[in-house]
Each structure stands twice: as C-alpha cells, then as structure tokens.
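Heads up: the structure comes next, in structure tokens.
The values are calculated or read from the model by the stated rules, or taken from the named source; none is laboratory data. Please read these numbers as outputs of a predicted model, since none were measured by experiment. In this analysis, Cβ positions are derived from the backbone assuming ideal geometry, glycine residues included, and neighbour counts consider all displayed protein chains. For the accessible areas, the whole protein counts, side chains as well, though only heavy atoms, and no ligand, DNA or RNA atoms are used. Shrake-Rupley method; radii C 1.70, N 1.55, O 1.52, S 1.80 Å.
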Amino acid sequence: MSAHAAAMVGTPIIRGSVDADLPAVTAIYGHHVRHGFGSFEEVPPDIDELARRRREILSKRLPYLVASDGTGTVLGYAYASPYRTRSAYRFTVEDSIYIAPHAARRGIGRLLLEALIERCTESGYRQMIAVIGDSGNNSSIGLHQSLGFVRAALLPRIGFKRGRWIDCVMMQRPLGAGSTDLPQEIPSP
C-alpha cells in the first residue's frame, strides 16, 4: 500500500454491511480459504453463496459488520451466527472475522470483534464462542484472549486441508451477565 493510501485509511469505520460490500467480502474470504486455515472450506464460495449466507445471518437479526477506510474500501468483515441450531443454544453466538491481507495487523480485527461483542450483548446474547482453525493461529487466539475469551477446548487434528491435519481451538467469552442470572428471551426474527 502506498503512503498516500495508508494516510487515507486513518481509523477504520465499523458499520453494518451492505450489498455493495459483497465483492470485497468475497475476495477477502476467498483469500483466507485458499491461503489460510481459519476456514475449513477448501473451495472459495462465490458471491451468490456469500450473499445467501449474509441474508441468513441478517434474517436472524444478528450483526454482519464491515470495517472500511476513508475511501470506502472494505478492510475486513465480521459477523455473529447461531452457535448451534438446537433451541437450548439460543443465547450463544459464534463469531467470525476475516481481514483483507493488506490490512492485517493494524487492529482492524480488534475493532470488529469489539463491535460484534457490543452488539450481541445489547441484543441479549449471553455467550460468544470462537471456533479458531489451526492451533498455530496465534493472531486470532491472541486477539480473542485480549478481549476476554478463554480457551474452552482443543479438537486436535479434526480437519485436513492443504496436505496437513489442522486443530480447532474453541474459545468462549460471557456476554453481559453471562450465566450469572436467568436471561430474558431474545426476540425471534
């Protein structure tokens, strides 16, 4: 990135995603599918599939956020999804965060995760789970630890991608009162 482009970036803007963000979201996710272990997908989904997934998240009134710079360029995105479909899990969400390769290590993931935590807490969720691909993914593990997540489980060698076995680290963080009292029901969509 040129010095001029870096100067225009400044503090990223965290906002709700819009349809126009989907080409950037598709490119960012595609990069992580092809080159990383954070996603256990092996073939990047196309824009139509990611649009469908986004609609599904939004239909559940869950946040789907992007970080953009001063020029409107999407630097990363994050969303919360239901942790599991069974009704007893209804107060628990799972976070997903992906950062554009050129924007890595600039605190964008932290801004996105902080906003995700805040919005899910305001919506009445009580637990957030991070399912992190690759126990060597120190950036994601460190980010989650810095925001109060603790390691809940390690699933060793549970996935196989790009010629090697991959662990899955599960981390957990209470939201709001967590499990210290009984929750109010979350309005269904």
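Once whole DSSP H runs in the chain are found, which of them have Cα atoms spread over 15 Å or more along the helix axis and a mean Kyte-Doolittle score of at least -0.5?
22-35, 108-122
Among rounded, prolate and oblate, which fits the stretch 91-186 when a ≥ b ≥ c are the square roots of the eigenvalues of its C-alpha gyration tensor, a/c under 1.5 means rounded, and a/b larger than b/c means prolate?
Since a/c reaches 1.5 but b/c is at least a/b, the shape of the stretch 91-186 is classed as oblate.
Beta carbons within 10 angstrom, averaged per residue: use that to sort the peptides 150-156, 35-41, 83-89, highest first.
Top of the packing list down: 35-41, 150-156, 83-89.
Please name whichever of S96, S17, P63 sits farthest to the positive end of the charge dipole of the chain, dipole taken about the Cα centre and charges placed at Cβ: Lys and Arg +1, Asp and Glu -1.
Selected residue: S96.
Rounded to the nearest 500, what is the 222 nm mean residue ellipticity of the chain from helices alone, with -39500 (n - 2.57) per DSSP H run of 4+ residues and division by all residues?
When only DSSP H runs of four or more count, the value is -9500 deg cm²/dmol.
So how much slack lies between T85 and H35, counting 0.36 nm per residue of separation and subtracting their Cα-Cα distance, in nm?
15.1 nm
Using a probe radius of 1.4 Å on heavy atoms only, what accessible surface per residue do you get for the chain? Whole Å² is fine.
53 Å²
Does the stretch 36-148 classify as rounded, prolate or oblate by the C-alpha gyration tensor (a ≥ b ≥ c root eigenvalues; a/c under 1.5 gives rounded; else a/b over b/c gives prolate, otherwise oblate)?
rounded
Give me the percent relative contact order of the chain, please, defined on Cα pairs under 8 angstrom at least 6 residues apart.
Reported relative contact order: 19 percent.
Ignoring ligands, DNA and RNA, please state the percent of accessible area on the stretch 9-128 from carbon and sulfur, probe 1.4 Å.
51 percent
Can you tell me how the stretch 6-75 classifies by the Cα gyration tensor, rounded, prolate or oblate, using a/c under 1.5 as the rounded cut?
oblate
If you take every DSSP beta bridge whose two residues both sit in the chain, what share of them, in percent to the nearest 5, is antiparallel?
Antiparallel bridges make up about 90 percent of those DSSP assigns within the chain.
Can you work out ³J(HN,Hα) from phi for every residue in the stretch 97-106, in order, using Karplus 6.51 cos²θ - 1.76 cosθ + 1.60 and θ = phi - 60°, giving whole Hz and x for Gly and Pro?
Calculated HN-Hα couplings, in order: 9, 9, 10, 4, x, 6, 10, 5, 6, 10 Hz.
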